[in-house]
Structures are given as structure tokens and as C-alpha cells.
Amino acid sequence: MPELPRDSVGVVTPQTAHFDDPLDLACGRTLQAYDLVYETYGTLNAERSNAVLICHALSGHHHAAGYHDADERKPGWWDAHIGPGKSIDTDRFFVVSLNNLGGCHGSTGPISRNPESGRQWGPDFPMMTVGDWVHSQARLADRLGIERFAAVIGGSLGGMQVLQWALAYPERIANAGVIAATPKLSAQNIAFNEVARQAIRSDPDFHDGWYAEHGKVPRRGLKLARMVGHITYLSEDAMGHKFGRDLRSDDFNFGYDVEFQVESYLRYQGDTFSNSFDANTYLLMTKALDYFDPAAVHGGDLARALAPAECPFLVVSFTTDWRFPPSRSRELVDALMRAGKAVSYANIDSTHGHDAFLMPEPRYQAVFAAFMSRIARDLGLEDRP
Amino acid sequence: MKRADLTLIHDWIPEGAHILDLACGDGTLLAALARDKNVSGYGLEIDPDGITACIARGVNVIEQNLDEGLANFDDDACDLVVMTQALQALRRPDRMLDEMLRVAGEAIITFPNFAYWRHRVHLGIRGYMPVSKSLPHAWYDTPNIHLSTFNDFEQLCRDKGLIIVDREVGIGDHEGHWTSRLWPNLFGEIAIFRVSRG
């Protein structure tokens, strides 16, 4: 059995919380009952004051750190930042990471059985919003006996959930970490999402979302969606450095098979994704991204929308992120300052584009660790539980 | 707080003020003001280590290049703007002064006085660009691209119709010595000004 790194949370086992109290959704429908699958790392202290909630991004899930078994090849998606001695130090904090409703990794979603019809939910699963997710996350917190999170932290779509937490449950969040996010999608962001959705929906195997009942998977559509998405996650520089114009063989083949390394990479990413992710979940998650805009009900005035927030914010962006570029984080930061809220902002130099939020980068880690250690100090968590 | 200019500024800032600290460094001033005088506000900084230090001590810090202006702040966004030892490193100090007194009615500014007698000795007698405690860099790698004197700054304030509320000198250990009070442009190493809109 291979040995796990010493700064890993080690082998973790997902848990499932079942909820019977109906959840009213923004779309007007109600989920009568649902499951949330989650993982925890570290120990909840006696005062229950050291809990940190991690919110996942578009294709994320509950497995944020550690390994499901000692043979697992790759650790959880945010393992670079969660673990003993890491930015989110599990010797101090109790970390909760869940799979959002509508997901395809264990929480109730399109691949779950609809108790009313007896069929799989499929495309009939209700449309979710960031607000709905946060509502369900608060119920999970209730279940775990966490009245107030020391911090709620997330990147990308996860950062939007953090923002929503600060607005919907200001008394339950002591600090907010909003990383590589935006207060709302731009027309270009929505356009990319729509291309991804059309790729899936126009796949002949999609069957209006009932592909499972036809024994099919809209693989080509999902693959295309992921390929488009992946381009927006990387920077031009990162792609250039990684692949340049490198060819797989010595010369052109004058055909449409894979020739350039970047083609090979994108196809591989697309294939892997299409074998592991549910198409209806992908569609639903992109819509949740599109819908998020807390300023909309305040006539577009973000500062006014932020009025309910009480906690200090850390906002982080990355220089080469062109999906949610630094200017979008600045928009949030400026509105927070205008609203008189406590906020710090760092724009991290990175070549990795949007994906930088997932990676270890010395300055990113320094900023993140400084934020978390200040929280630990404020909450008197210096002595490890 | 050891730096003479920071101690003085600390005394000048009223209880409970909402301030902006431009080029706030590691957040020493804002942290002390929050602790002692219930002052709130934001620091602006571009140095990564300074930003990390601010975040670690719980000072609100925004990564922002001052040469790009303060357009993201409304008119009268705060009570007071502070800028210590940074004016001389900006591309257009005159425009920054306008911006500072747009976002607040009052500004506190400190900068190294180029007419300090030691600097004069360096340049006027020895014929070298001055290097001192307040101007520690060599001519080729200095960030200080717009050096000025007490007289220059007062002239600029007059031209802009600004009111000089206070003027002090900081000369490190000898702060407040009678010679520097009488002849600040000659004996003051650090110029400290409090100005307000005319």
C-alpha cells in the first residue's frame, strides 16, 4: 500500500445526510426530500466555532481533500490548500465539503430516483440556483450542529455561494473567502455556457435529457462542452507553454485526426469528463451560474445588494484569468468598499488562468494562510483542538 | 510605531475617522489607529509582502496601483486620506493630490525633503546625488522619481488653492529640534503636511 503524504488529511469517507423537510426552490418548485453527501476533515471543537465550509465550482463535488482509499491516484480537488499545516489547516479547523443538490456525485440530483414518478429525475430535476444551494448548505450546518461558520470559502461558482452566504445568512458566517469569482456572469460568460449547453442538447443521444432511459449517454455533447469550458479555464500563455504548436508526430498528416498536442489534450479532457459527469447536472450547473446576480433586485446596485453582509471578506483574483478576470473581482471589491464592508483584495500573479485557484502558488498560499491564521487568532483557535 | 511621521499622523487623526491609507505598507498605521482610535478604512498597496502582512493582522488592504488613480472611490468617500513616503514615487504627484482631496476633505502627506542640508551637501558640495536615511537608493534604482522640497510642495498647494492646515518636520531622532522648526526646508529631513480643500 503506497504511503500518503504527511500533509494530507489521509483517507476520508464520504457521509450522507438525509433531509425530510421540504426545500422550497427559487424556480417555484419544492424538493420534498433529499440527500446531501459530504466529507469532513479535522475536528469540530467543543465551542463548535472552528468550522469552515467549502463551496465547490461547476464540475466540483464533496471530495475536496485527502484520498478515498490509499490506492487513489489523485487527492481531492482542493488538496493543495486543505490539510495539516496547509492554508486551511485541519489541525485548527473543522472543514465541511459537500456535493451540491443537482450534482452527480451522491447528493440528490438528476441521476437520483424521483420518489413521485419512480423514474430517474433526469431533465425533470428542478432548476437550482445559488440561493437554493446555500439554503440547503445551511440545513446541513444545522444537522452538524454548526451555528456559525468561522469561514465560508469557495472558488469560481463556489465564490458566488460564499457571497450568497454573506447576504442570506450574515449571522452564520464569520468570514468570507471569495476566490476567482464574479458578482455576475458577463454576456461572454453566458455565451460560452450556452455553447456548452447546445453541444449537449444537440447530441442525438441526449433524448431531451432522458438518455438514461434509452440506455445512452450524450458523450459527444458532454465532451464538446468540456472542451469549450476547458479553453476558458486556461490562459493563452499556459496553453502556449504547455503545448505550443507541438505535433504528435514529426509532420502534418493533412487529415482531421489529432495532430497538435493541444488537440490531444482537449480530447482527452473531454473524454474523461464525458465518462464521469452527468449531462443534466452540467446543464443545470451552468444555468445556476447564469442566473446568479444579487444586484439585479437592487436595480443593478451591487453596493446596495451587499448591505446585509456583516463579515470581513477576502477577495482573490488571478492575473491571467480571463473567465472571471481581475476586473470582475474589483467590481465586487469596489462595491464592498462603497458599502463600507471590511474587505481585503489580492490579485495574484499566475500563468494558469482561471484554474489558478485550484493550484499551489507561493503568493496565493501566503495570502490564503495569512487570512486563515488571522481568523484562527480572532476565534482563539491558536491552541489546536 | 517608531517612524516619526507615523507617530505624528497618529495624533492628528480624529477618533472614529474613516480613512484611506495610500501605500499602507504592512498596515502598521491602520492597525494602530483601529486599536487606539477606533479608526476604520482601507489601505491601498501593491507590494505583495505588505499586502500579506496587512491580511495577517486584519487590516483591510486592497491591491491597487496608485498611478492608476482613485477612480473607484466616490467624492468624499472618506474623512481623510493619508499618504506616507509615496508621493515622490508616483508618476503624477500633482494629479494624485487632486484625487486625494476629491475623495476626502483633508489629506496628510509625508515625503523626503530634497532640500535637507545633508542632501544639499551631497549634491551642492560633493557633486553626487544624495543618499541618506530618507533617500536610501542609488540614482539608477530609486523609485523616487519626483523629489521635492518643503518650498516646492507649498508652492503646489498655493497653485491649487489648497489650505495648509499643519506643517511639521520629521528628522528621525531630532524631531522638533528648534533649528528644523525655524528652517524646515534646510533642517527637516521629512516633510509632513496636513492640507485641506480651499
Evaluate peptide A:355-366: per residue, the Cβ atoms of other protein chains within 10 Å of its Cβ; return the mean as an integer. 1
For chain B, what is the relative contact order in percent, using Cα pairs closer than 8 Å and at least 6 residues apart in sequence? 19 percent
Return the calculated 222 nm mean residue ellipticity for chain A, to the nearest 500 deg cm²/dmol, obtained by summing -39500 (n - 2.57) across DSSP H runs with n ≥ 4 and dividing by the residue count. -10000 deg cm²/dmol
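Pop the C-beta distance of B:ALA71 and A:ASN114 into the FRET formula with R0 = 56 Å and round what comes out to the nearest 0.05. Mind dumping the intermediate values first?
Values: r = 52 Å, r/R0 = 0.93.
In this case the efficiency is close to 0.60.
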Cα gyration tensor shape of the range A:190-285, rounded if a/c is under 1.5, else prolate or oblate by comparing a/b with b/c: prolate
Output the antiparallel fraction of DSSP beta bridges having both residues in the protein assembly as shown, as a percent to the nearest 5. 40 percent
Cα→Cβ-extended label distance, 7 Å offset, between A:SER276 and A:THR30, nm: 3.8 nm
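Give the order of A:ARG377, A:ARG172 when sorted by the count of other beta carbons within 10 angstrom, beginning with the fewest. Provide the component values of the computation, followed by the final result.
On the way: A:ARG377 13, A:ARG172 20.
Ranking A:ARG377, A:ARG172 by Cβ neighbours within 10 Å, fewest first, gives A:ARG377, A:ARG172.
Kindly put A:TRP133, A:TRP322 in sequence by how many other C-beta atoms sit within 10 Å of each C-beta, fewest to most. Could you put the intermediate results ahead of the total?
Values: A:TRP133 25, A:TRP322 16.
The fewest-first ordering by Cβ neighbours comes to A:TRP322, A:TRP133.
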Neighbouring Cβ atoms within 10 Å as the yardstick, rank A:ILE54, A:ILE348 fewest first. A:ILE348, A:ILE54
Label-point separation in nm, B:ARG197 to B:LEU182, each point 7 Å along Cα→Cβ: 4.0 nm
Please compute the modelled spin-label separation between B:VAL121 and B:GLU15, points set 7 Å along Cα→Cβ, answer in nm with one decimal. 4.5 nm
If you take each beta carbon of peptide A:340-350 and count the beta carbons of other chains within 10 angstrom, what is the mean? 5
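Apply the membrane-span-like helix rule to chain A: whole DSSP H runs, Cα extent along the own long axis of at least 15 Å, mean Kyte-Doolittle hydropathy at least -0.5. List the helices found. Present the calculation step by step, with values, prior to reporting the outcome.
On the way: long enough: A:130-143 (20 Å, -0.64); A:157-168 (16 Å, 1.03); A:187-201 (20 Å, -0.22); A:219-233 (21 Å, -0.23); A:261-274 (20 Å, -0.93); A:279-291 (18 Å, 0.15); A:326-338 (18 Å, -0.63); A:362-378 (24 Å, -0.05).
Passing helices, by number: A:157-168, A:187-201, A:219-233, A:279-291, A:362-378.
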When the charge dipole of the protein assembly as shown is computed with +1 at the Cβ of Lys and Arg and -1 at the Cβ of Asp and Glu, the Cα pointing farthest to the positive end, of B:VAL81, A:TYR282, A:GLY118, is that of B:VAL81
So if each residue of separation counts as 0.36 nm, and I subtract the Cα-Cα distance between A:GLN15 and A:HIS207, what length gain in nm does that give? 65.8 nm
For A:ASP91 and A:ALA307 in the same chain, what is the full-extension length gain: residue separation times 0.36 nm, less their Cα-Cα distance, in nm? 74.4 nm
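Bear in mind that the values in this text are calculations on the coordinates, not laboratory data. Since this is a predicted model, take the numbers as computed values, not measurements. Cβ: placed from backbone, ideal geometry, glycine included. Neighbour counts: every protein chain shown.
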